[in-house]
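Just below is one structure, and these are the notes that go with it.
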Amino acid sequence: AQSVTQLGSHVSVSEGALVLLRCNYSSSVPPYLFWYVQYPNQGLQLLLKYTTGATLVKGINGFEAEFKKSETSFHLTKPSAHMSDAAEYFCAVSEERGFQKLVFGTGTRLLVSP
Amino acid sequence: SAVISQKPSRDICQRGTSLTIQCQVDSQVTMMFWYRQQPGQSLTLIATANQGSEATYESGFVIDKFPISRPNLTFSTLTVSNMSPEDSSIYLCSVLPITEAFFGQGTRLTVV
């Protein structure tokens, strides 16, 4: 079975600082990988996804992630944090080819201080 | 894209009662997914609902506790039966029309 590990339940950064949220996965087949963001009292919104092709994927709000097969990682980054980035971030992997059900990591809460 | 409407957005229920959550999608989709997000936890898949067939439940979830209906390609319901405080969670509906999963806003359930 596939699984996702997100290191750090909470990450704190200052406004303008680099954001790095870590995600490692395990999969017996090439994975499809996703990052979702959840703002307080809201549903999940897709930030970005990796399916095939270019390993560096760009998403919304200035976020990007790089698929590194050798490291089984899909870390999320943003060069400069903004106060509005404060939210819960979930990494997910599709359990089967063809975009079936998703397996989520435990989430990382990003805190941004002025 | 897909727009998902979930109702109710939140509810407070007495233990032992049942609550039915509705999920309406603005386009036809083959599969709909129901997730649970317990307080401070990640999302866990409850079941996958296909139109015209019984839902497929994940380990740890049973039909008697979480009956699901899928009468057509745009609508599904999840019922949380005989509720206990441990059922207090956010329940989310999700669809995968092509290559991206879309989620409803969720139903925040508190059982007292």
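What to note about this one:
- In nm, spacing of pseudo-spin labels at A:LYS69 and A:ASN41 (7 Å Cα→C-beta vector): 4.6
- Of the residues B:SER88, A:SER84, B:SER76, B:SER27, the one with the fewest other Cβ atoms within 10 Å heads the list, and the complete ranking is A:SER84, B:SER27, B:SER88, B:SER76.
- Treating r as the C-beta distance of A:THR51 and A:ALA1 and R0 as 22 Å, the FRET efficiency rounds to 0.60.
- Inter-label distance, nm, simple model (7 Å from Cα along the C-beta direction), B:ILE12/B:GLU54: 3.8
- Checking Cβ-Cβ separations below 4.7 Å across chain B identifies B:CYS13 as cysteines lacking any candidate disulfide partner.
- Between A:LEU111 and A:HIS82, the contour length at 0.36 nm per residue exceeds the alpha carbon distance by 9.4 nm.
- Order of A:VAL93, B:VAL62 under a 10 Å beta carbon neighbour criterion, fewest first: B:VAL62, A:VAL93
- If you wrap the tightest convex hull around every Cα atom of the range B:1-82 and split its volume per residue, you get 108 Å³.
- Candidate cross-link partners of B:LYS65 among the aspartates and glutamates, defined by an alpha-carbon separation under 15 Å and a same-chain spacing of 8 or more, comprise B:GLU54, B:GLU86, B:ASP87.
- Over all other residues within a Cβ to Cβ distance under 13 Å of B:GLN24, the charged ones net out to +1, with Lys and Arg as +1 and Asp and Glu as -1.
- Average partner coverage of B:86-92, which counts Cβ from other chains inside 10 Å: 1
- Among the listed pairs A:LYS58/A:LYS101; A:LYS58/A:LYS78; A:LYS49/A:LYS101, those whose Cα-Cα separation exceeds 20 Å are A:LYS58/A:LYS101.
- Peptide A:103-109 is shielded by partner chain Cβ atoms: per residue, an average of 3 of them sit within 10 Å of its Cβ.
- For the peptide A:28-39, the mean number of other protein chain Cβ atoms found within 10 angstrom of a residue's Cβ is 1.
- Near A:LEU110: Cβ cut-off under 13 Å, other residues only, Lys/Arg at +1 and Asp/Glu at -1. The net charge is 0.
- What the Cβ-Cβ distance of B:THR20 and B:GLU100 gives, at R0 = 22 Å and to the nearest 0.05, is a FRET efficiency of 0.20.
- Judged by the mean number of other Cβ atoms found within 10 Å, the most tightly packed of the peptides B:30-43, B:10-23 leads the ranking B:30-43, B:10-23.
- Distance between modelled label sites at B:SER69 and A:GLU15, nm, 7 Å Cα→Cβ extension: 5.0
- Take chain A and mark each of the GluC sites (Glu not before Pro) that is in a DSSP loop with at most 16 other Cβ atoms within 10 Å; the longest unmarked stretch, sites excluded, is A:16-95.
- Computed from the C-beta positions of B:PHE61 and A:LYS58, the FRET efficiency with R₀ = 35 Å rounds to 0.45.
Values in this text are rule-based calculations from the coordinates and carry no lab data. Please read these numbers as outputs of a predicted model, since none were measured by experiment. Here Cβ is always computed from backbone atoms with ideal geometry, including for glycine, and neighbour counts include all displayed protein chains.
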